[in-house]
There are 2 protein chains.
Amino acid sequence: MHIEMICTGEEVLSGQIVDTNAAWVAQRLLEHGEELRRRVTVGDRMADLVGAFTSAAGQASVVLVNGGLGPTSDDLSSEAIAQAMGVGLELHQGWLATMTEMFARRGRPMAAINRKQAMLPVGAVMIDNPVGTACGFRILWRGTWFVFTPGVPLELKRMMEEQVLPWMCDEFGLAPKMPLHRLLTIGQGESQLAHILDDLPLPAGVELGYRASLPYIELKLMQRRDVALQVWETLLEQIRERIGDALVGENVLSVPDAVHRLLSEQSLTLATAESCTGGMVASQLVDFPGSSCYLLGGWITYSNRAKQAELGVDERVLAQYGAVSLEAAVGMAAGAKQKAGTDLAISITGIAGPDGGSPDKPVGTVAFALAHSGGVEAQMLRLGSRQRNQVRLLAATVALDMVRRHLLGLPVMAEYGYFERVGAKSIKA
Amino acid sequence: MHIEMICTGEEVLSGQIVDTNAAWVAQRLLEHGEELRRRVTVGDRMADLVGAFTSAAGQASVVLVNGGLGPTSDDLSSEAIAQAMGVGLELHQGWLATMTEMFARRGRPMAAINRKQAMLPVGAVMIDNPVGTACGFRILWRGTWFVFTPGVPLELKRMMEEQVLPWMCDEFGLAPKMPLHRLLTIGQGESQLAHILDDLPLPAGVELGYRASLPYIELKLMQRRDVALQVWETLLEQIRERIGDALVGENVLSVPDAVHRLLSEQSLTLATAESCTGGMVASQLVDFPGSSCYLLGGWITYSNRAKQAELGVDERVLAQYGAVSLEAAVGMAAGAKQKAGTDLAISITGIAGPDGGSPDKPVGTVAFALAHSGGVEAQMLRLGSRQRNQVRLLAATVALDMVRRHLLGLPVMAEYGYFERVGAKSIKA
């Protein structure tokens with residue numbers, strides 16, 4: 001099926017808004033097994049809009065047109081398609097009534113300019129907008145269906161999900177949404193993952209996609225055709241085995257998401273002691289409602305003084321081993337667990353850069369410790385020489401992955417791939 | 001000047017990557033006073049690429065083509081333009097030598113497939129890539145210059161800045177980069193800001209743009225033509241006056257950026273005490289290298305127990321006024337300042353939602369306190385009923401803005417616009 005997209009609006013063309021609608025539409029189509037062939041982005045000039053419509057007509061089966069359905073004078077989509085086709089606009093009484101009622105419910109009079117939003121090209125089929133004043137419509141021209149949706153992301157998504165995609169399934173036999181399994185990984189590049197999985201035979205109808213979204217590479221396993229459950233499960237098992245510890249979550253948003261769920265389920269409590277991450281670990285958990293149940297305390301001990309005064313890290317330890325050391329991490333985690341009276345405590349101390357590195361401990365060297373009822377486990381990893389915010393983000397993710405692994409009964413220290421372990425220490429309680 | 005852009009790559013078309021290159025290019029052109037007319041995004045199919053080149057040839061003065069210059073088989077840009085024009089590819093000896101040397105410096109042999117990156121269409125002018133193996137090139141076809149750049153953002157930006165834009169200035173009289181003044185605001189919607197500035201007369205050649213980038217609305221004031229310094233300064237002064245306290249920074253990245261600079265310059269130290277922001281304030285500062293000089297300590301006291309145990313907030317205060325109160329905020333800031341021994345301490349405690357709100361203190365109610373040498377100043381604001389992460393982000397921004405205002409000698413409590421103040425308290429030291 002040949003599907004194109006036309007995105008309209010100066011703010012999208014000029015980059016004032018990054019076009020997330022276009023990315024969302026393409027991804028949604030992919031979940032139905034369809035790829036966009038082309039996307040044209042134009043501003044609010046009548047000639048450019050007419051030109052874009054004209055050159056797509058007769059080429060594509062469906063052209064999804066997004067934006068330009070608002071009430072103001074720079075919203076030209078309806079007028080432009082009418083002009084391209086050489087038809088007039090006519091008032092859609094049903095939509096005018098819906099809009100009038102919508103304003104009445106909000107206790108506001110409808111402005112005269114909104115009437116424009118009920119003017120559709122002759123021959124168009126209205127598409128209901130349950131959450132806004134811009135209705136959509138579809139119209140057939142030279143064998144191509146042009147489908148118009150508003151630019152407000154929430155409205156676009158509702159209308160696509162509830163009306164446009166079901167219509168495409170009926171009209172063009174678009175496949176139903178494919179089962180999708182998401183696997184989050186860290187510590188491996190996209191090309192390395194592709195290499196690891198390269199010779200894995202995929203059953204017919206199954207596709208594997210990659211998406212980089214810092215700090216993760218996400219693998220998407222999609223069924224374009226029905227696959228027997230047994231085959232699917234076996235495949236997943238093979239992938240898990242090949243990826244190994246680099247796999248940090250399945251069908252979850254993020255590692256903090258997984259840790260939030262596990263801590264909530266297991267009714268265990270956590271404290272954080274952060275140096276180079278500076279509060280990022282705690283903040284990623286506080287992002288979830290209900291985190292107050294388990295996050296009983298957190299310390300940002302970026303200075304040596306704070307490590308000593310607040311967490312009781314021995315001054316001599318800092319002097320002898322340095323602030324970025326297994327020993328300092330152990331002291332921080334043990335101190336935090338004891339002071340907060342929690343079941344668990346995680347600590348992070350590292351060199352985020354750009355300065356502060358040495359031959360022995362280059363930028364990207366980070367020490368972690370997890371204190372739990374059985375003792376303290378610490379490791380020092382080299383996350384690689386990266387930008388400061390990347391080192392910090394990776395460090396926060398590894399720290400929470402240690403908590404996740406502990407809660408799942410897995411060994412706390414994992415082999416992620418590129419992250420080299422340069423030290424480890426376990427202390428029994 | 002008629003400029004178009006063609007973006008290539010399945011990952012861009014399919015939305016796996018949101019196309020930030022396109023947005024960056026459009027914004028950079030705007031700074032020279034030029035607007036993109038059209039952007040076409042195609043995948044890695046030869047026919048679609050040839051089609052896109054062919055339909056732009058003879059229409060635009062310049063077509064900026066991004067992506068598809070890598071070494072692998074799905075990198076087709078050079079081959080596609082050659083095929084469209086009906087010319088061959090020839091080896092560019094100079095670029096082959098540069099690449100060979102590049103690999104030698106890294107101590108790696110050059111793979112055979114990289115040779116492809118030195119094959120340019122006959123008649124092309126090479127564009128140097130100082131940071132990668134994909135050189136760019138430009139070629140004239142039917143009166144249109146097609147300019148090819150690689151998709152790696154860092155490489156695209158270097159090559160545009162250093163070679164493509166200067167060439168466009170020479171060849172097409174592209175105006176030099178216009179003076180640009182950025183004003184960061186919080187607490188006002190885009191339409192409200194537009195309303196406030198609506199009747200402000202702009203001198204000829206001056207343009208005002210808006211860009212929403214949570215938690216800010218950024219105003220961009222651009223000179224498309226030379227404007228007398230006096231006129232420019234007067235205009236800026238008028239804008240500052242109209243926006244008032246909602247203006248939280250000029251020509252800075254963010255409020256944390258401004259606070260980082262001010263604390264570093266003034267050699268003052270800071271501690272943080274965070275409840276609902278959960279470490280976000282500290283983390284935003286630790287993002288800047290050198291923040292260890294002033295951020296001497298931070299506490300995440302999301303639980304009442306931590307507020308008492310770590311910061312010495314009186315149990316009776318929490319029982320009587322609640323954890324989200326001016327009194328609790330004062331206790332947190334005073335405790336943090338005293339324990340960390342810093343010049344300043346900032347505290348945040350609020351209801352981020354979605355639960356926990358009450359008629360008296362709805363979701364979005366946040367109390368802040370700044371402790372300094374002169375005493376403690378506290379306020380409670382209603383940031384509005386928003387999503388949890390938005391409340392948290394706005395709260396972190398307001399907290400740091402209180403620090404910023406104090407460091408600039410401004411009153412700590414500001415009138416941001418939509419944020420309603422429901423309580424305030426000042427305690428002299």
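The values are calculated or read from the model by the stated rules, or taken from the named source; none is laboratory data. Quick caveat, the model's predicted, so the values are computed rather than measured. Because the Cβ atoms are built from the backbone with ideal geometry, glycine has one as well, and the counts that use them run over all protein chains shown. Ligands, DNA and RNA are stripped out before the accessible areas are found, and what is left, the full protein with its side chains, is counted by its heavy atoms. Shrake-Rupley method; radii C 1.70, N 1.55, O 1.52, S 1.80 Å.
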* Expected 222 nm ellipticity per residue - DSSP helices of 4 or more, -39500 (n - 2.57), all of chain B, to 500 -> -10500 deg cm²/dmol
* Structure fact -> Rounded to two decimals, the Rg over Rh value of the protein assembly as shown from Cα coordinates and the Kirkwood Rh reads 0.97
* Mind giving me the nanometre distance, one decimal, between the label points for A:GLU241 and B:ASP128, set 7 Å out from Cα along Cα→Cβ? => 5.3
* Applying 1/(1 + (r/R0)^6) with R0 = 45 Å to the Cβ-Cβ distance of B:THR54 and B:GLU265, what FRET efficiency is obtained, to the nearest 0.05? -> 0.20
* Whole-angstrom gap from the range B:259-275 to the range A:1-75, using each part's C-alpha centre -> 46
* Area accessible to solvent at B:TYR210, 1.4 Å probe radius, in Å² -> 40
* Asked: How much of the accessible area of the protein assembly as shown, in percent, comes from carbon and sulfur atoms when a 1.4 Å probe is used?
  -> 51
* **Potential extension, B:CYS293-B:LEU229 segment - 0.36 nm per residue separation minus Cα distance** => 19.3 nm
* Report the antiparallel proportion of the DSSP beta bridges in the range A:252-386 as a percent, rounded to a multiple of 5. => 60
* Binned Cα-Cα distances of the range A:180-250, short to long, each 10 Å bin given as a whole percent -> 20, 58, 21, 1
* To do: Partner chain Cβ atoms within 10 Å, averaged over the residues of B:260-269 - can you pull that number for me?
  => 0
* Within the set A:LYS116/A:LYS157; A:LYS177/A:LYS220; A:LYS307/B:LYS337; A:LYS307/A:LYS337; A:LYS307/B:LYS339; A:LYS220/B:LYS116, which residue pairs have Cα atoms separated by over 19 Å? -> A:LYS116/A:LYS157; A:LYS220/B:LYS116
* Pull out a ≥ b ≥ c, the square roots of the eigenvalues of the alpha-carbon gyration tensor of the range B:279-429, then state rounded if a/c is under 1.5, prolate if not and a/b is larger than b/c, and oblate in the remaining case. => rounded
* Could you give the length gained on full extension between B:LEU214 and B:HIS195, defined as 0.36 nm per residue of separation minus the Cα-Cα distance, in nm? -> 4.9 nm
* Over the range A:257-336, what is the relative contact order in whole percent, taking alpha-carbon pairs under 8 Å and six or more residues apart? -> 30
* Asked: Which residues of the range A:293-327 end up with at least 30 Å² less accessible area in the presence of all protein chains than when their chain stands alone, using a 1.4 Å probe?
  -> A:LEU295, A:LEU296, A:GLY298, A:TRP299, A:ILE300, A:TYR302, A:SER303, A:ARG305, A:GLU310
* **Rounded to 5, percent antiparallel among DSSP beta bridges of chain B** => 65
* Which ³J(HN,Hα) values, rounded to whole Hz and listed in residue order, are derived for the range B:95-104 from phi using the Karplus coefficients 6.51, -1.76 and 1.60 in 6.51 cos²θ - 1.76 cosθ + 1.60 with θ = phi - 60°, glycine and proline given as x? -> 6, 4, 5, 4, 4, 4, 5, 4, 5, 4
* Please list B:294-300, A:376-382, B:221-227 highest first by mean number of surrounding beta-carbon atoms within 10 Å per residue. => B:294-300, A:376-382, B:221-227
* If you take the square roots of the eigenvalues of the alpha-carbon gyration tensor of chain A and sort them as a ≥ b ≥ c, do you get rounded (a/c under 1.5), prolate (a/b over b/c) or oblate? -> prolate
* Asked: Along Cα→Cβ at 7 Å, what distances in nm separate the A:ASP128 label point from those on the other copies, shortest first?
  -> 6.3
* Where in the range A:93-135 are there trypsin sites (Lys or Arg not before Pro) that are in a DSSP coil and have at most 12 other Cβ atoms within 10 angstrom of their Cβ? -> A:ARG106
* Asked: Per 10 Å bin, what is the whole-percent P(r) computed from every C-alpha pair distance within the range B:38-175?
  -> 12, 44, 35, 9, 1
* Structure fact -> chain A: relative contact order from alpha carbon pairs under 8 Å, six or more residues apart, as a whole percent, is 11
* Quick one: net charge of B:ASN129's neighbours, Cβ under 11 Å, K/R +1, D/E -1? -> -2
* Name the residues of the range A:41-61 whose accessible area falls by at least 30 Å² when all protein chains are present instead of the chain alone, probe 1.4 Å? -> A:THR41, A:ARG45, A:ASP48
* If we sort B:339-346, A:213-220 on the protection proxy, mean other Cβ atoms within 10 Å, highest first, what's the order? -> B:339-346, A:213-220
* To do: Go through B:LEU91, A:LEU285 and list them by solvent-accessible area, largest first, probe radius 1.4 Å.
  => B:LEU91, A:LEU285
* **Potential extension, A:ALA97-A:ALA204 segment - 0.36 nm per residue separation minus Cα distance** => 33.5 nm
* **Chains B and A together, accessible area buried on both sides, 1.4 angstrom probe, square angstrom** => 4800
* Quick one: accessible area per residue over chain A, 1.4 Å probe, rounded to a whole number of Å²? -> 40
